[in-house]
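I have placed the structure first, in the form of structure tokens, so that the comments after it can refer back to it.
The values are calculated or read from the model by the stated rules, or taken from the named source; none is laboratory data. Nothing here was measured: the structure is a model prediction, and the numbers come from that model. Glycine also receives a Cβ, built like all others from the backbone with ideal geometry; neighbour counts cover every protein chain displayed. The area values use the complete protein model at the heavy-atom level, side chains included, leaving out ligands, DNA and RNA. Shrake-Rupley method; radii C 1.70, N 1.55, O 1.52, S 1.80 Å.
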Amino acid sequence: MTLTEPSSPVPTSTQRKLSTAKAMVEGIAQEMERDPGVFVLGEDVGSYGGIFSSTTGLLEKFGPQRVLDTPISETAFIGTAIGAAVEGMRPIVELMFVDFFGVCMDQIYNHMAKIHFESGGNLTVPMVLTTAVGGGYSDGAQHSQCLWGTFAHLPGMKVVVPSTPADAKGLMISAIRDDNPVVYLFHKGIMGLPWMAKNRRSIGPVPEDEYEVPIGKASIVRPGRDVTIVTLSLSVHHALDVADELAGDNVECEVIDLRSLVPMDTDTILESVGRTGRLLVVDEDYLSFGLSGEVIARVVERDPTLLRAPARRVCVPDVPIPYARSLEYAVLPTADRIRRAVLEVVTA
């Protein structure tokens, strides 16, 4: 089964609901049952179940031969996953926080992303690199970044970022089945964990069967006529909250959940901006040289006449994420910042 618009499922009153974390685990488990070549490795993915519950229960179900707790050496265990993928297996390797990519970027970019090219297409690297992203929890400058723009900037890897439980499962299955390396980034704030800030959309309807969410297909999660908000991950939830609030003031926001950065669904963005004439990009990554500028550039390069007002951005300014809660929330793309930007762009 393929869900073409899984961010807008058609739930019934009896449809079961899962947290995003449990939906991710279910997708992995179903693929491990289907394909004996799928296995999981990383720090604390076994008995601990992942520090954000991204692998909970897999060790008990599949055993230590297929769910491997590793030493704290990101270069070593990501390199192990790459070797296994080249030899025909389909590893899922977890980098605990995306902020730690610096100690293993040689394996990620010079090997995982380039082996297919450097082998003249003779070798594939069918693996999934999962990692936790995002701020809002006073985790400090080294545990709070998103950095998806960094990975999207480098050719050779697909990059996906779910925002809902249904998308988390479907994108995970698609990533595992893909013959290309896929970077799968999940925001801590969408996981539905009881010890983190509550998020009412982090628990939602998820079909029990196997299904794929197409990589490279965005989802219009809320139609609107006045402004297009292009966003992803936790910011989708903030944008929907703002859109619901502003609807009472007769401002109708169309919200697009990108879901995939590489490849990016440019056509859906263009079609939406063609209807609304206004564009706001909300991104919890850094402002400069990143996703927000890329989205705007694609619109302007394809058809600059679509915009009836200058495009706007709400992003993290070019500073490290502060530890102090008040300072941290001053730089994150909060609902208040999104609301102000929407009102600015619709009145421009």
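Kirkwood analysis of the Cα pair distances in the range 145-199 returns a hydrodynamic radius of 12.3 Å. The protection proxy used here, the mean number of other Cβ atoms lying within 10 Å of each residue, ranks peptides 139-147, 279-287, 91-99 as follows, highest first: 279-287, 91-99, 139-147.
With respect to the chain, whose longest principal axis is taken over its alpha-carbon atoms, helix 74-86 is tilted by about 80°. For the residue pairs LYS22/LYS188; LYS114/LYS217; LYS17/LYS61; LYS169/LYS217; LYS17/LYS158, alpha carbon separations beyond 18 Å are given by LYS114/LYS217; LYS17/LYS61; LYS17/LYS158. Take every DSSP beta bridge whose two residues both sit in the range 17-205; close to 10 percent of them are antiparallel.
Beta bridges from DSSP with both residues in the chain: antiparallel share about 20 percent, rounded to the nearest 5. The portion of the accessible surface of the range 281-348 made up by carbon and sulfur, rounded to a whole percent, is 58 (1.4 Å probe; DNA, RNA and ligands excluded). Where the alpha-carbon atoms of the chain are placed on the principal axes, they occupy 59, 48, 43 Å, in descending order. Take the Kirkwood radius over Cα pairs of the range 17-205, plug it into Stokes-Einstein at 4 °C and 1.567 mPa s, and you get 79 µm²/s for translational diffusion. Projecting each Cα onto the charge dipole of the range 137-227 (Lys/Arg +1, Asp/Glu -1 at the beta carbon, about the Cα centre), which of PHE151, LEU193, ALA168 comes out farthest on the positive side? Farthest towards the positive pole: LEU193.
With contributions of -39500 (n - 2.57) from each DSSP H run of at least four residues, the per-residue ellipticity at 222 nm computed over the chain stands at -9500 deg cm²/dmol.
Summarising the overall dimensions of the range 178-313 from its C-alpha atoms, the Rg and Dmax are 15.6, 47 angstrom.
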